Every structure is written in C-alpha cells, then in structure tokens.
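See structure below.
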Amino acid sequence: MSNLVSMAVGVIGLAALGASAWVYAETQRDIRRVSTDIAQIRVSLELFGRQQGAGSSAASDDGALLDLSNRLAVLEAEQRMGGAATALSSLPGLPSATAETPTIATGGDCLPVGMRFMVSAGDVYPVCGTSGTVGIAAVDDGYITLSDGTIIARGGTVGLPNTQCMLGVVPSDGGGVSDYAEIRVVC
C-alpha cells in the first residue's frame, strides 16, 4: 500500500513538473512574440517619423494631432456619458439620437466660446451659442472636477455632452489663484 501511495505521489510530482515546464515554455514564447511586435512598432514609428518629417511641416502636424486628440476626448467623454450610440450621434454629419430640441444659451450670462474664463467650485454656466452647460464641482491643485464627475487635468480637454464643443483647463505658469481655475470652451 505504501509503495502504491509513493508511486502516486511521484506521478503527481512528474505531472506538476511537466505542467510547469509547459507554462514556462509558453510564457517564453509569448514574451518573444511581444518583443517582436514591439520591435516592429518601433521600426514602423521611426519610418513614419521619417516620412512625416520629409512630407509636411511641423505646424500642420501639431494641428492634426490636436484635432485628433480633441476627437478622441469627445468620443471618450460621450462613451462615459451615454455609450457608443450617443458617441456616434455626436459626430458631425450624423443625425442626433434625441428628438428633443435643446435650448441654446444667449445673452450676457453665459460662458463665451474661445475665451479664457475663471471659475471656482459651485459655478454653473451655460455655454454661449450652444445647448451645453459647464458645472464645476471642485477645483483642486492641478485639476478640476465637473458636476457630472468628469476630472480634467490642467492642460487637458474633454468633450461637452450633447455639443460639438471641447472644454479645456488652461495650463498656468504656476502663479494661479487658489481654488480657481481658468477654462476655455472651443466649438
């Protein structure tokens, strides 16, 4: 009986050793595959950088990169707010998913588009010429929190829900006033 138990323990030990060797081999194969993929991406980026450097100016690249960054921020914000259907409906040229017509802010008591504006916690402003509003829940050192829970770091931008506008926190040079932040809405 003890010989049978010893053989069973030995077989289980060999099976465990074999399984660990197989897992190690698979892990090494995956690491080599990922390393190869990373090397290919580096080469592709280097070639892309050379191609872009020869073909266009840096100013147009920065504008295109900023435009792409803004589009991604709009899609991410819309995804957080209402899902993919809402995000797709906010793209230019597509009909809106909602049938209601929102009210558009006008007059002197609205947030001007394109202008820097100082805000603090508790401020709620409609955006001039749009149906969007900006509500500030908190202003902290380096970032602000909107009423809907969205956090924007200084220098970052996000899309305003149900508008074609971007809200950005203007980076300061370190001389900012405590509990206040500068924002800019661009449509």
Review point. Once you put a point 7 Å from the Cα of ALA153 and another 7 Å from the Cα of LEU72, both along the Cβ direction, what distance in nm separates them?
Key: 1.2
Point to revise | ³J(HN,Hα), Karplus 6.51/-1.76/1.60, whole Hz, each residue of region 36-44, x for Gly, Pro | key: 5, 4, 5, 4, 5, 5, 4, 5, 4
Practice item. Output ³J(HN,Hα) for region 20-34: one whole-Hz value per residue in order, computed from phi by the Karplus curve 6.51 cos²θ - 1.76 cosθ + 1.60 with θ = phi - 60°, and x for Gly and Pro. Key: 5, 5, 5, 4, 4, 5, 5, 5, 5, 5, 5, 5, 5, 5, 5
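A short reminder: the numbers here are calculations on the coordinates, not readings from a lab. What you see is a predicted model, and the numbers here were worked out from it, not measured in a lab. Note that each Cβ is placed from the backbone with ideal geometry, even for glycine, and that neighbours are counted across all protein chains shown.
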